[in-house]
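Novice: Got a structure here, written out as C-alpha coordinates. Questions coming.
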(Lines give C-alpha, C1' and ligand atoms only; values in the text may rest on other atoms or scores of the structure.)
Protein backbone atom coordinates (compact mmCIF):
# COMPACT_ATOMS: atom_id res chain seq x y z
CA UNK A 1 0.00 0.00 0.00
CA UNK A 2 1.13 3.54 -0.65
CA UNK A 3 1.63 5.93 2.26
CA UNK A 4 -1.56 7.77 1.35
CA UNK A 5 -3.53 4.54 1.17
CA UNK A 6 -2.18 3.49 4.56
CA UNK A 7 -3.13 6.87 6.02
CA UNK A 8 -6.64 6.60 4.59
CA UNK A 9 -7.06 3.15 6.16
CA UNK A 10 -5.77 4.15 9.58
CA UNK A 11 -7.94 7.27 9.76
CA UNK A 12 -11.11 5.59 8.52
CA UNK A 13 -14.03 5.77 10.93
CA UNK A 14 -15.22 2.51 12.47
CA UNK A 15 -17.56 0.67 10.11
CA UNK A 16 -20.99 -0.63 10.95
CA UNK A 17 -22.70 -3.66 9.43
CA UNK A 18 -19.97 -4.73 7.06
CA UNK A 19 -17.57 -7.54 6.26
CA UNK A 20 -13.97 -6.66 5.43
CA UNK A 21 -11.91 -9.25 3.50
CA UNK A 22 -8.15 -9.19 4.05
CA UNK A 23 -4.98 -11.14 3.37
CA UNK A 24 -1.51 -11.41 4.88
CA UNK A 25 0.49 -12.75 1.96
CA UNK A 26 3.69 -13.20 3.97
CA UNK A 27 1.89 -15.69 6.21
CA UNK A 28 -0.29 -17.29 3.49
CA UNK A 29 -3.36 -16.15 5.41
CA UNK A 30 -6.71 -14.92 4.16
CA UNK A 31 -9.56 -13.80 6.33
CA UNK A 32 -12.68 -11.81 7.05
CA UNK A 33 -13.65 -9.34 9.74
CA UNK A 34 -17.25 -8.47 10.52
CA UNK A 35 -18.86 -5.69 12.56
CA UNK A 36 -22.61 -5.73 13.19
CA UNK A 37 -24.18 -2.79 14.94
CA UNK A 38 -27.29 -1.09 13.60
CA UNK A 39 -28.62 -4.21 11.88
CA UNK A 40 -28.15 -6.34 15.00
CA UNK A 41 -29.83 -3.77 17.21
CA UNK A 42 -32.80 -3.61 14.85
CA UNK A 43 -33.21 -7.37 15.22
CA UNK A 44 -32.82 -7.40 19.00
CA UNK A 45 -35.19 -4.47 19.54
CA UNK A 46 -38.06 -6.50 18.05
CA UNK A 47 -37.70 -9.21 20.69
CA UNK A 48 -37.64 -9.25 24.47
CA UNK A 49 -34.48 -11.31 24.78
CA UNK A 50 -32.50 -11.50 28.03
CA UNK A 51 -29.02 -10.02 27.77
CA UNK A 52 -27.38 -13.45 27.66
CA UNK A 53 -29.55 -14.52 24.72
CA UNK A 54 -28.90 -11.23 22.90
CA UNK A 55 -25.17 -11.76 23.32
CA UNK A 56 -25.36 -15.35 22.03
CA UNK A 57 -27.50 -14.38 19.04
CA UNK A 58 -25.01 -11.62 18.24
CA UNK A 59 -22.21 -14.19 18.18
CA UNK A 60 -24.24 -16.47 15.91
CA UNK A 61 -25.01 -13.57 13.55
CA UNK A 62 -21.36 -12.54 13.31
CA UNK A 63 -20.33 -16.15 12.66
CA UNK A 64 -22.94 -16.70 9.94
CA UNK A 65 -22.21 -13.44 8.12
CA UNK A 66 -18.47 -14.22 8.10
CA UNK A 67 -19.01 -17.76 6.83
CA UNK A 68 -21.36 -16.59 4.08
CA UNK A 69 -18.87 -13.94 2.95
CA UNK A 70 -16.01 -16.44 2.95
CA UNK A 71 -17.73 -18.73 0.43
CA UNK A 72 -18.86 -15.83 -1.79
CA UNK A 73 -22.44 -16.87 -1.24
CA UNK A 74 -24.92 -16.90 -4.08
CA UNK A 75 -28.21 -17.90 -2.54
CA UNK A 76 -28.82 -18.54 1.15
CA UNK A 77 -26.79 -19.76 4.09
CA UNK A 78 -28.57 -20.89 7.23
CA UNK A 79 -26.76 -21.63 10.49
CA UNK A 80 -29.01 -23.34 13.00
CA UNK A 81 -28.30 -24.67 16.49
CA UNK A 82 -30.77 -27.09 18.11
CA UNK A 83 -29.89 -28.02 21.66
CA UNK A 84 -31.06 -29.31 25.03
CA UNK A 85 -29.78 -26.15 26.70
CA UNK A 86 -31.62 -23.08 27.97
CA UNK A 87 -31.37 -21.67 24.42
CA UNK A 88 -32.95 -24.50 22.47
CA UNK A 89 -32.85 -22.88 19.03
CA UNK A 90 -30.68 -20.32 17.24
CA UNK A 91 -31.24 -19.52 13.57
CA UNK A 92 -29.40 -17.02 11.39
CA UNK A 93 -30.47 -16.86 7.75
CA UNK A 94 -28.21 -14.97 5.31
CA UNK A 95 -29.49 -14.11 1.84
CA UNK A 96 -26.92 -13.02 -0.77
CA UNK A 97 -25.52 -10.55 -1.22
CA UNK A 98 -25.91 -9.02 2.24
CA UNK A 99 -29.32 -9.46 3.88
CA UNK A 100 -29.68 -11.46 7.08
CA UNK A 101 -32.20 -12.20 9.79
CA UNK A 102 -31.94 -14.02 13.12
CA UNK A 103 -34.08 -15.48 15.89
CA UNK A 104 -33.80 -17.53 19.08
CA UNK A 105 -35.98 -19.69 21.32
CA UNK A 106 -35.18 -20.09 24.99
CA UNK A 107 -36.41 -21.12 28.42
CA UNK A 108 -36.65 -17.85 30.34
CA UNK A 109 -36.37 -19.47 33.77
CA UNK A 110 -33.26 -21.49 32.89
CA UNK A 111 -31.59 -18.47 31.29
CA UNK A 112 -32.41 -16.31 34.33
CA UNK A 113 -30.87 -18.94 36.63
CA UNK A 114 -27.63 -18.91 34.64
CA UNK A 115 -27.53 -15.11 34.62
CA UNK A 116 -28.11 -15.00 38.38
CA UNK A 117 -25.23 -17.44 38.88
CA UNK A 118 -23.01 -15.39 36.53
CA UNK A 119 -22.63 -18.51 34.40
CA UNK A 120 -24.39 -17.50 31.17
CA UNK A 121 -21.53 -18.26 28.76
CA UNK A 122 -22.38 -19.64 25.33
CA UNK A 123 -21.50 -23.22 26.28
CA UNK A 124 -23.86 -23.21 29.26
CA UNK A 125 -26.63 -21.58 27.24
CA UNK A 126 -26.38 -24.06 24.38
CA UNK A 127 -25.65 -27.30 26.20
CA UNK A 128 -25.46 -30.27 23.83
CA UNK A 129 -27.05 -30.67 20.43
CA UNK A 130 -26.29 -30.02 16.78
CA UNK A 131 -25.05 -27.06 14.77
CA UNK A 132 -26.19 -27.32 11.15
CA UNK A 133 -24.90 -25.27 8.25
CA UNK A 134 -26.97 -25.20 5.06
CA UNK A 135 -26.10 -23.56 1.74
CA UNK A 136 -28.99 -23.32 -0.72
CA UNK A 137 -28.07 -21.80 -4.08
CA UNK A 138 -31.39 -22.33 -5.81
CA UNK A 139 -33.47 -25.10 -7.34
CA UNK A 140 -30.90 -25.92 -10.03
CA UNK A 141 -27.99 -26.38 -7.62
CA UNK A 142 -27.27 -29.11 -5.10
CA UNK A 143 -28.02 -28.16 -1.53
CA UNK A 144 -25.10 -28.48 0.89
CA UNK A 145 -25.58 -29.39 4.54
CA UNK A 146 -22.88 -29.84 7.15
CA UNK A 147 -23.32 -30.81 10.78
CA UNK A 148 -21.21 -30.59 13.89
CA UNK A 149 -21.97 -31.80 17.39
CA UNK A 150 -22.39 -29.26 20.17
CA UNK A 151 -20.76 -30.63 23.31
CA UNK A 152 -21.24 -27.84 25.82
CA UNK A 153 -18.57 -25.63 24.26
CA UNK A 154 -18.80 -22.23 22.62
CA UNK A 155 -19.84 -21.33 19.08
CA UNK A 156 -16.15 -20.72 18.35
CA UNK A 157 -15.40 -24.31 19.43
CA UNK A 158 -18.17 -25.66 17.19
CA UNK A 159 -16.96 -23.62 14.21
CA UNK A 160 -13.39 -24.90 14.65
CA UNK A 161 -14.69 -28.46 14.86
CA UNK A 162 -16.65 -27.94 11.64
CA UNK A 163 -13.64 -26.69 9.68
CA UNK A 164 -11.37 -29.45 10.97
CA UNK A 165 -13.77 -32.22 10.08
CA UNK A 166 -15.63 -30.89 7.05
CA UNK A 167 -13.44 -28.37 5.25
CA UNK A 168 -10.02 -29.50 6.56
CA UNK A 169 -8.70 -25.96 6.21
CA UNK A 170 -6.71 -24.64 9.19
CA UNK A 171 -9.00 -21.93 10.54
CA UNK A 172 -9.17 -19.70 13.60
CA UNK A 173 -12.37 -17.85 14.49
CA UNK A 174 -12.78 -15.20 17.16
CA UNK A 175 -16.19 -13.84 18.19
CA UNK A 176 -17.01 -11.00 20.56
CA UNK A 177 -20.10 -9.03 21.56
CA UNK A 178 -20.09 -5.74 23.45
CA UNK A 179 -22.97 -4.22 25.37
CA UNK A 180 -22.78 -0.46 24.80
CA UNK A 181 -24.29 1.99 27.27
CA UNK A 182 -24.05 5.71 26.58
CA UNK A 183 -25.18 8.61 28.73
CA UNK A 184 -26.37 11.92 27.31
CA UNK A 185 -25.63 15.35 28.78
CA UNK A 186 -29.09 15.33 30.37
CA UNK A 187 -28.29 12.03 32.11
CA UNK A 188 -30.42 9.77 29.94
CA UNK A 189 -28.88 6.45 29.00
CA UNK A 190 -29.19 4.47 25.77
CA UNK A 191 -28.35 0.83 25.25
CA UNK A 192 -27.07 -1.01 22.17
CA UNK A 193 -25.00 -4.00 21.07
CA UNK A 194 -22.08 -4.62 18.76
CA UNK A 195 -21.11 -8.07 17.48
CA UNK A 196 -17.75 -8.58 15.82
CA UNK A 197 -15.73 -11.47 14.51
CA UNK A 198 -12.48 -12.39 12.81
CA UNK A 199 -11.78 -15.49 10.75
CA UNK A 200 -8.31 -16.36 9.44
CA UNK A 201 -7.53 -19.34 7.22
CA UNK A 202 -4.21 -20.84 6.17
CA UNK A 203 -4.14 -21.15 2.38
CA UNK A 204 -0.53 -21.62 1.26
CA UNK A 205 0.43 -21.78 -2.40
CA UNK A 206 2.28 -25.05 -1.79
CA UNK A 207 -0.48 -27.65 -1.36
CA UNK A 208 1.66 -30.07 0.67
CA UNK A 209 1.85 -27.46 3.46
CA UNK A 210 -1.94 -27.63 3.79
CA UNK A 211 -2.14 -31.39 4.39
CA UNK A 212 -3.51 -32.29 7.81
CA UNK A 213 -3.69 -35.61 9.57
CA UNK A 214 -6.40 -38.08 8.60
CA UNK A 215 -9.52 -38.14 10.71
CA UNK A 216 -9.21 -40.46 13.71
CA UNK A 217 -10.09 -44.11 13.43
CA UNK A 218 -11.77 -46.20 16.08
CA UNK A 219 -8.64 -46.44 18.21
CA UNK A 220 -7.64 -42.77 18.18
CA UNK A 221 -9.01 -40.47 20.86
CA UNK A 222 -10.40 -37.11 19.78
CA UNK A 223 -7.98 -35.23 22.02
CA UNK A 224 -5.01 -36.95 20.34
CA UNK A 225 -6.32 -35.95 16.93
CA UNK A 226 -7.00 -32.35 17.86
CA UNK A 227 -3.58 -32.03 19.48
CA UNK A 228 -2.04 -32.33 16.03
CA UNK A 229 -4.24 -29.67 14.44
CA UNK A 230 -3.78 -27.35 12.75
CA UNK A 231 -0.66 -28.09 10.77
CA UNK A 232 2.52 -26.92 12.55
CA UNK A 233 3.70 -24.63 9.78
CA UNK A 234 5.69 -21.70 11.17
CA UNK A 235 3.70 -19.12 9.19
CA UNK A 236 0.39 -20.48 10.46
CA UNK A 237 1.63 -20.67 14.03
CA UNK A 238 2.69 -17.02 13.82
CA UNK A 239 -0.73 -16.03 12.48
CA UNK A 240 -2.43 -17.93 15.32
CA UNK A 241 -0.22 -16.30 17.92
CA UNK A 242 -1.13 -12.84 16.61
CA UNK A 243 -4.87 -13.52 16.38
CA UNK A 244 -4.94 -15.03 19.86
CA UNK A 245 -3.57 -11.81 21.36
CA UNK A 246 -6.93 -10.18 20.62
CA UNK A 247 -9.01 -9.36 23.66
CA UNK A 248 -12.80 -9.55 23.31
CA UNK A 249 -13.25 -5.88 24.23
CA UNK A 250 -10.67 -4.99 21.58
CA UNK A 251 -12.35 -7.03 18.84
CA UNK A 252 -15.79 -5.53 19.58
CA UNK A 253 -14.59 -1.99 20.28
CA UNK A 254 -17.06 0.35 18.49
CA UNK A 255 -14.39 3.05 18.26
CA UNK A 256 -11.80 0.84 16.55
CA UNK A 257 -12.18 0.25 12.81
CA UNK A 258 -11.50 -3.16 11.33
CA UNK A 259 -8.71 -1.67 9.23
CA UNK A 260 -6.92 -0.22 12.24
CA UNK A 261 -7.26 -3.48 14.16
CA UNK A 262 -5.81 -5.49 11.27
CA UNK A 263 -2.93 -3.03 10.93
CA UNK A 264 -2.29 -3.34 14.67
CA UNK A 265 -2.05 -7.13 14.38
CA UNK A 266 -0.25 -7.65 11.09
CA UNK A 267 1.59 -4.43 10.17
CA UNK A 268 5.02 -6.06 10.54
CA UNK A 269 4.08 -8.67 7.92
CA UNK A 270 1.96 -6.40 5.74
CA UNK A 271 -1.82 -6.71 5.51
CA UNK A 272 -3.95 -6.04 2.44
CA UNK A 273 -7.63 -5.13 2.72
CA UNK A 274 -10.27 -5.38 0.01
CA UNK A 275 -13.67 -3.87 -0.71
CA UNK A 276 -16.16 -4.21 2.11
CA UNK A 277 -19.47 -6.06 1.84
CA UNK A 278 -22.32 -4.16 3.45
CA UNK A 279 -24.88 -6.23 5.34
CA UNK A 280 -28.43 -5.36 6.33
CA UNK A 281 -31.22 -6.51 8.60
CA UNK A 282 -33.85 -7.67 6.13
CA UNK A 283 -36.44 -10.41 6.53
CA UNK A 284 -37.55 -12.41 3.52
CA UNK A 285 -41.08 -13.06 4.75
CA UNK A 286 -44.03 -11.83 2.64
CA UNK A 287 -47.80 -12.19 2.79
CA UNK A 288 -47.61 -14.38 -0.32
CA UNK A 289 -45.11 -16.78 1.27
CA UNK A 290 -47.09 -17.04 4.50
CA UNK A 291 -50.30 -17.50 2.59
CA UNK A 292 -48.67 -20.27 0.57
CA UNK A 293 -47.84 -22.16 3.78
CA UNK A 294 -51.37 -21.68 5.15
CA UNK A 295 -52.88 -22.95 1.92
CA UNK A 296 -51.38 -26.35 2.70
CA UNK A 297 -53.40 -26.66 5.91
CA UNK A 298 -56.38 -28.98 6.13
CA UNK A 299 -59.88 -27.61 6.83
CA UNK A 300 -59.61 -28.77 10.45
CA UNK A 301 -56.24 -27.08 10.91
CA UNK A 302 -57.57 -23.82 9.48
CA UNK A 303 -60.55 -23.86 11.86
CA UNK A 304 -58.27 -24.56 14.84
CA UNK A 305 -56.05 -21.62 13.86
CA UNK A 306 -58.80 -18.97 13.88
CA UNK A 307 -58.11 -16.34 16.55
CA UNK A 308 -60.68 -14.49 18.67
CA UNK A 309 -60.60 -11.72 16.07
CA UNK A 310 -62.04 -14.13 13.52
CA UNK A 311 -58.81 -13.95 11.52
CA UNK A 312 -55.87 -16.27 11.23
CA UNK A 313 -52.97 -14.34 12.72
CA UNK A 314 -49.40 -15.27 11.87
CA UNK A 315 -46.38 -13.50 13.36
CA UNK A 316 -42.97 -13.95 11.75
CA UNK A 317 -40.49 -15.31 14.30
CA UNK A 318 -37.69 -13.33 12.70
CA UNK A 319 -39.04 -9.82 12.15
CA UNK A 320 -42.17 -9.95 14.37
CA UNK A 321 -44.34 -8.73 11.48
CA UNK A 322 -47.96 -9.88 11.81
CA UNK A 323 -50.06 -11.10 8.90
CA UNK A 324 -53.84 -11.46 9.10
CA UNK A 325 -55.75 -13.81 6.81
CA UNK A 326 -59.46 -14.33 6.23
CA UNK A 327 -60.04 -18.03 7.00
CA UNK A 328 -62.82 -18.19 4.41
CA UNK A 329 -60.20 -17.80 1.70
CA UNK A 330 -58.33 -20.83 3.07
CA UNK A 331 -61.14 -23.21 3.95
CA UNK A 332 -61.26 -26.20 1.65
CA UNK A 333 -64.52 -28.05 0.89
CA UNK A 334 -65.19 -30.77 3.46
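Novice: Specify which of the listed residues (190, 186) is part of a loop (DSSP other than H, G, I, E, B), free of Cβ contacts under 8 Å to residues at least 40 places away in the same chain, farther than 22 Å from residue 262 by Cβ and in the same structural domain as residue 89 (by TED's automatic domain parsing). Walk me through it before giving the result.
Specialist: On the way: 190 fails: part of a loop (DSSP other than H, G, I, E, B).
The match here is 186.
Novice: I'm trying to understand the selection: among the residues of region 114-138, which are crowded, with 18+ Cβ neighbours inside 10 Å and more than 22 Å from the chain's Cα centre (by Cα)?
Specialist: Correct list: 114 only.
Novice: Considering only residues that are surrounded by fewer than 20 Cβ atoms within 10 Å (Cβ to Cβ), under 24 Å from residue 179 (Cα atoms) and either in contact (Cβ under 8 Å) with a residue 60 or more places away in the chain or not assigned by TED's automatic domain parsing to the domain that holds residue 77 (or both), which ones fall in region 251-269?
Specialist: Hits for region 251-269 are 253, 254, 255, 256, 260.
Novice: Moving on to the next point. Check region 182-192 and report whether any residue there is crowded, with 18+ Cβ neighbours inside 10 Å, modelled with pLDDT under 95 and touching a strand residue (DSSP E or B) at 6+ places or on another chain (Cβ under 8 Å). First the steps, then the outcome.
Specialist: Here is the first cut: in region 182-192, the ones crowded, with 18+ Cβ neighbours inside 10 Å are none.
No: region 182-192 contains no residue that is crowded, with 18+ Cβ neighbours inside 10 Å, modelled with pLDDT under 95 and touching a strand residue (DSSP E or B) at 6+ places or on another chain (Cβ under 8 Å).
Novice: Within region 2-17, is there a residue that is outside any loop (DSSP other than H, G, I, E, B), within 30 Å of residue 139 (Cβ to Cβ) and at pLDDT 90 or above?
Specialist: Start the filter on region 2-17 by keeping residues that are outside any loop (DSSP other than H, G, I, E, B), which leaves 3-10.
Keeping just the survivors that are within 30 Å of residue 139 (Cβ to Cβ) gives none.
No, the conditions are met nowhere in region 2-17.
Novice: Something else: Condition test on residue 46, is it without any contact (Cβ under 8 Å) to a residue 40 or more places away in the chain and over 18 Å from residue 159 (Cα atoms)? Let's see the steps before the verdict.
Specialist: On the way: without any contact (Cβ under 8 Å) to a residue 40 or more places away in the chain: no; over 18 Å from residue 159 (Cα atoms): yes.
It is false that residue 46 is without any contact (Cβ under 8 Å) to a residue 40 or more places away in the chain and over 18 Å from residue 159 (Cα atoms).
Novice: Would you say residue 130 is in contact with a strand residue (DSSP E or B) (Cβ under 8 Å, 6 or more places away or on another chain) and farther than 23 Å from residue 202 by Cα? Break it down into steps so the answer makes sense when it comes.
Specialist: Values: in contact with a strand residue (DSSP E or B) (Cβ under 8 Å, 6 or more places away or on another chain): yes; farther than 23 Å from residue 202 by Cα: yes.
So residue 130 fits the description; yes.
Novice: A further question follows. Given (1) surrounded by fewer than 22 Cβ atoms within 10 Å (Cβ to Cβ); (2) more than 18 Å from residue 157 (Cα to Cα), identify the lone condition not met by residue 111.
Specialist: The failed condition is (1).
Novice: Among the residues of region 71-104, count how many are surrounded by fewer than 18 Cβ atoms within 10 Å (Cβ to Cβ), touching a residue at least 60 places away in the same chain (Cβ under 8 Å) and within 16 Å of the chain's Cα centre (by Cα).
Specialist: Residues meeting the conditions: 3.
Novice: Spot the failing condition for residue 58; the list is (1) more than 17 Å from residue 258 (Cα to Cα); (2) surrounded by fewer than 24 Cβ atoms within 10 Å (Cβ to Cβ), and only one is missed.
Specialist: Of (1) more than 17 Å from residue 258 (Cα to Cα); (2) surrounded by fewer than 24 Cβ atoms within 10 Å (Cβ to Cβ), only one is false for residue 58: (2).
Novice: Counting only residues that are at positive phi and not assigned by TED's automatic domain parsing to the domain that holds residue 70, which one in region 270-326 is nearest to the chain's Cα centre (by Cα)?
Specialist: Going through region 270-326, the residues at positive phi turn out to be 270, 310, 320.
Now drop any that are not not assigned by TED's automatic domain parsing to the domain that holds residue 70, which leaves 310, 320.
Numbers: 310: 39, 320: 20 Å.
Among residues in region 270-326 that are at positive phi and not assigned by TED's automatic domain parsing to the domain that holds residue 70, the one nearest to the chain's Cα centre (by Cα) is 320.
The values are calculated or read from the model by the stated rules, or taken from the named source; none is laboratory data. Because the structure is a prediction, the values reported are computed rather than measured. Every residue, glycine among them, receives a Cβ derived from its backbone with ideal geometry; neighbour counts consider all protein chains shown.
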